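Okay, structure first, notes after.
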């Protein structure tokens, strides 16, 4: 009996040096002297390249606006003047090869990068009009307005119930009724309620990986966030658990504004309404997912989403 | 595949294959572990066997020597001894616990086997533990009340002794309790009243109304305590009077008559006629005395209860003091401080502190805690005692200062362990908490600390093990050879952190090496060591049990 292998596009790290060498040898898939290599090579050389943003994006009502955002780790610039608007109640996917700054950008939205000593930023982001990088902005209050799910499931070492209501607990919510209600709603929202309703007070660490990740989503949506940030939420999960989390993202669409970083092109195309392609810290192209995957403006984007590089 | 078609590969020599498989390393590492385990278990087994066998009643052998001497005692050792200059000829000799110190001037004596004419186990041979001047080995001959002979002959005397001894002992104990405890309470009351007078003098001078009131109060207290003291005198006199004149006369092996007061006998047993159960009874009765009684005869006999109490109290107070200090310091260092040369320097300094000889901590404790802090407290709160008796309260060694000194000594262990535990908490947990909108302290309190607690407990266990066995600093800051007033007892205010206390580890040093007859004290030293090891093990097991409960709550088996 043969097993049909599950096909995932696995992007491999490609350094600018490799890219330049490929270009010099003239062996790129789309032929020599193509604009793909031109654009990507100029990005690699550190030149500014304008982002291609589709009109449909601009028509949407934005929940989060990123405005000429730059970020440095020490002396190394990781994000170069990214400007984009995340639409309200839609799923937006960030794709790009490893090291292109997707996760850094995501972590900049809720200022988790503040925890890293050497980080410096310029530019701004606005959440429903409030400047995120305003010096007067209270970071803790800001983070309460967002939910985040990480690559690896990170349930807290406490019961399932306490995990879900964590953000309410730290706000000092003691009313049993409120907590119970939020717990059930969030777990139902994360499609986990039926699996754990009988063991809410067991340790969350006893759940399977996929359940843990959905628990983390439940925890993230418990505080009714304005934006939900998902940082490669399926990269540590098996295909079945991945499928469940993807179904969940489908269900969240329309109710939450979701910004998801993914390495998986199929996942981006299945789950998102809009897709942004990033490369080496720059936003290359941004538009409706169907267009990005079927008729992108740039051939570089096409090359990436079809797996010809990256 | 046949052997002909196989391509000739380079043939590994025995050496390369050995290196590749790493067999020697398995043997080397395994051997190292085995050696360590053998040494530790060997030491523990040695202590346990020697310590536990101290109280087992050994048979009393009567040695008749060829020169006509007769000796009654327990054979404690046998050895081969060279008799000629070159050591070619050897002879066996045995070490006998002869006791009867007042006759022989020895507790132990060596006898060569060839000088012994006959050995027997006399049926009525008795070992007598006396309140004073050590053990006696002999045969009961007469029971006397004044000049009157109540019983004669070993059998009758023993029967009468067994009948009369318990009530005499009860009276003796009652009188002792009155002297030690009841009179102590009266003296404390009297002293408190006297100090109140001094305090009133210091406050308002001799003309003040307060002084007059205090004087009046002191007079009342003096009168009351005087009456009570007279009553106690009468009671003790009556108790002692009833015991007066009762004595048992023992016949030593050489025929000397040794009379012993009936209430001067702690316990007597006749090992040669005891059944196994009878021996077990003596064994447990001696253990019970050891665990529950005050020491006698320069700590070499009796019990060690005050020392057990002092050891446990000091270790627990030390743990209570060092845990918050160490945790707070490590939390700041790991969670709040910006990493840099300063934190590195602090870390190195802390690690170095762990290597400072403990006597240095003792000197610091004496100089700072006792003389600076303690004297300061005395000046403010206990001035009357200082003025009237020239007696410091906190300005000298005591339980609190000893615990603090040891807390300081074990602080590096706790800080290092806590830091390790904190750094073992995955950063993803912290980030998850921050992303939920938790502040730094909320994250530490709800996520980091619970997760790190088992690791912190490990540090505390190590600290307790180190602290409980430490002697050198304690000698400077509060441990005494004899301190019968417990630091925690039933008299108000129940906890007396200023009191000096006894400690098992110090007792080992004192009994084993400061005692006038160290030979006789040797078995007791083993027992004390065994007890100390057991107590530390029990304290650690408790902490380990708590830790495993914490672990079960916070970490699951999965992943």
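Would you say residue A:98 is part of a loop (DSSP other than H, G, I, E, B), under 15 Å from the mean Cα position of the chain (by Cα) and touching a residue at least 60 places away in the same chain (Cβ under 8 Å)? So that I can check it myself, show each step before the final result.
Values: part of a loop (DSSP other than H, G, I, E, B): yes; under 15 Å from the mean Cα position of the chain (by Cα): yes; touching a residue at least 60 places away in the same chain (Cβ under 8 Å): yes.
Criteria met by residue A:98.
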Residue that is surrounded by the fewest Cβ atoms within 10 Å (Cβ to Cβ) [pool: residues in the stretch A:255-291 that are within 23 Å of residue A:55 (Cβ to Cβ) and free of Cβ contacts under 8 Å to residues at least 40 places away in the same chain]: A:290
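Conditions (1) part of a helix (DSSP H, G or I); (2) modelled with pLDDT of 90 or more; (3) farther than 30 Å from residue B:378 by Cβ; (4) more than 38 Å from the chain's Cα centre (by Cα), marked per residue:
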{"residue": "B:151", "(1), (2), (3), (4)": "no, no, yes, yes"}
{"residue": "B:184", "(1), (2), (3), (4)": "yes, no, no, no"}
{"residue": "B:192", "(1), (2), (3), (4)": "yes, no, no, no"}
{"residue": "B:207", "(1), (2), (3), (4)": "no, no, no, yes"}
{"residue": "B:212", "(1), (2), (3), (4)": "yes, no, no, yes"}
{"residue": "B:238", "(1), (2), (3), (4)": "yes, yes, yes, no"}
Options B:483, B:465; residue that is part of a loop (DSSP other than H, G, I, E, B) and at pLDDT below 90: B:483
Residue B:484, sole failed condition from (1) within 14 Å of chain A (Cβ to nearest Cβ); (2) surrounded by fewer than 19 Cβ atoms within 10 Å (Cβ to Cβ); (3) touching a residue at least 60 places away in the same chain (Cβ under 8 Å): (1)
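Working carefully through the options B:520, B:505, find the one that is at pLDDT below 85, in a helix (DSSP H, G or I) and within 30 Å of residue B:105 (Cα to Cα).
Working: B:505 fails: at pLDDT below 85.
Going through B:520, B:505 in turn, the sole match is B:520.
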Subset of the stretch A:208-224 that is over 15 Å from residue B:436 (Cβ atoms) and without any contact (Cβ under 8 Å) to a residue 60 or more places away in the chain - its residue that is farthest from the other protein chains (Cβ to nearest Cβ): A:214
Selection status of residue B:125, in the same structural domain as residue B:77 (by TED's automatic domain parsing) and at pLDDT 90 or above: yes
In the stretch B:405-441, residue nearest to the other protein chains (Cβ to nearest Cβ) [restricted to those that are surrounded by fewer than 23 Cβ atoms within 10 Å (Cβ to Cβ) and not in a helix (DSSP H, G or I)]: B:439
Residue check for residue A:182: within 14 Å of another protein chain (Cβ to nearest Cβ), more than 24 Å from the chain's Cα centre (by Cα) and outside any loop (DSSP other than H, G, I, E, B): yes
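Does the stretch A:157-179 hold any residues that are touching a strand residue (DSSP E or B) at 6+ places or on another chain (Cβ under 9 Å), surrounded by fewer than 24 Cβ atoms within 10 Å (Cβ to Cβ) and more than 7 Å from every other protein chain (Cβ to nearest Cβ), and which are they? Spell out the reasoning first.
Residues of the stretch A:157-179 that are touching a strand residue (DSSP E or B) at 6+ places or on another chain (Cβ under 9 Å), as a first pass: A:157-160, A:167.
Still in the running and surrounded by fewer than 24 Cβ atoms within 10 Å (Cβ to Cβ): A:157-159.
Passing the criteria: A:158, A:159.
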Every pair of residues 6+ apart whose Cβ atoms lie under 9 Å, when the first sits in the stretch B:194-213 and is surrounded by 13 or more Cβ atoms within 10 Å (Cβ to Cβ) while the second is assigned to a loop (DSSP other than H, G, I, E, B): B:195/B:382; B:200/B:206; B:200/B:208; B:201/B:208; B:211/B:205; B:212/B:206
Residue in the stretch A:125-156 that is surrounded by the most Cβ atoms within 10 Å (Cβ to Cβ), counting only those that are more than 7 Å from chain B (Cβ to nearest Cβ) and in a helix (DSSP H, G or I): A:142
Some residue of the stretch B:442-460 being outside any helix (DSSP H, G or I), farther than 16 Å from residue A:216 by Cβ and either touching a strand residue (DSSP E or B) at 6+ places or on another chain (Cβ under 6 Å) or at the interface with another protein chain (Cβ under 10 Å from one of its Cβ atoms) (or both): no
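Working only within the stretch B:291-346, note down all residues that are part of a loop (DSSP other than H, G, I, E, B) and within 19 Å of residue B:129 (Cα to Cα). Explain how you work it out, then say what you get.
Quick first cut of the stretch B:291-346, residues part of a loop (DSSP other than H, G, I, E, B) only: B:293-294, B:297-300, B:303-304, B:337-340.
Answer for the stretch B:291-346, where residues must be part of a loop (DSSP other than H, G, I, E, B) and within 19 Å of residue B:129 (Cα to Cα): B:293, B:294, B:297, B:298, B:299, B:300, B:303, B:304.
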Conditions (1) touching a residue at least 60 places away in the same chain (Cβ under 8 Å); (2) in a helix (DSSP H, G or I); (3) within 14 Å of chain B (Cβ to nearest Cβ); number of the one not met by residue A:233: (2)
Single match in B:266, B:221, B:282 (criterion: outside the structural domain of residue B:398 (by TED's automatic domain parsing), in contact with a strand residue (DSSP E or B) (Cβ under 7 Å, 6 or more places away or on another chain) and part of a helix (DSSP H, G or I)): B:282
Failed item in (1) in a helix (DSSP H, G or I); (2) out of contact with any strand residue (DSSP E or B) (no Cβ under 7 Å at 6 or more places or on another chain); (3) surrounded by 21 or more Cβ atoms within 10 Å (Cβ to Cβ), with residue B:367 passing the rest: (3)
Selection within the stretch A:190-207 - away from chain B (no Cβ under 14 Å) and either farther than 17 Å from residue A:153 by Cβ or not in a helix (DSSP H, G or I) (or both): A:190, A:191, A:192, A:193, A:194, A:197, A:198, A:200
From the options B:64, B:74, B:109, B:99, residue that is closer than 30 Å to residue B:257 by Cβ, outside any strand (DSSP E or B) and in the same structural domain as residue B:281 (by TED's automatic domain parsing): B:99
So residue A:204, is it more than 26 Å from residue A:101 (Cα to Cα), in contact (Cβ under 8 Å) with a residue 40 or more places away in the chain and crowded, with 20+ Cβ neighbours inside 10 Å: yes
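The values are calculated or read from the model by the stated rules, or taken from the named source; none is laboratory data. Just so we're clear, the structure is a prediction, and the values are computed from it rather than from any experiment. Cβ: placed from backbone, ideal geometry, glycine included. Neighbour counts: every protein chain shown.
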